[in-house]
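Structure first, then comments.
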Amino acid sequence: MPVVVTGADQPLGRAVALELALSGGEVRATVRDRGAAGVLRAAGVRVAVSDLSDPLRLGAVLAGAHTVLHLDRGPDGRGSPADTWEWFLEAVEGTDVQRIVTVLPQPPTASLPGEYELIVRPFPAEAVDRPGFAAPTLIRDLVEADRRAG
């Protein structure tokens, strides 16, 4: 089953998508910046240029996926996946997604609609004030969270 990475035009999302592509299987990604698509496509990642404010388009990207790594940090890359959480959940509704993996300063307070396995990883302390930072240990942890899909 495919895995989807949101925010793949941002350093963490790009690093995770490229690492997943190396492990085989179908990897899909969303990017806001069309210029970021080339390197991902060259690695075999299927790329959709879209922001998360269009739940129908994102829903199409999520179709048939088991796991989605929601790493989109907003239009400027300086926020957190929490900033796009509501859009993301709207798009996930009615898809085959079973596992949501994300990186948040703290777990979301709102309950998830539907029955999803939620895996939340904290931002590494050294990355909180550095939006371009992608910690190698966090990348490995996120890739491993997908591999648990079996």
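Things worth noting here:
- Taking 0.36 nm per residue of sequence separation and removing the Cα-Cα distance, the Gln98/Asp54 pair yields an extension gain of 13.8 nm.
- Across segment 8-66, the volume of the C-alpha convex hull divided among the residues equals 75 Å³ per residue.
- Residue separation of Arg121 and Glu144 scaled by 0.36 nm, minus their Cα-Cα distance, works out to 7.1 nm of gained length.
Each value in this text was obtained by applying a stated rule to the coordinates, not by laboratory testing. What you see is a predicted model, and the numbers here were worked out from it, not measured in a lab.
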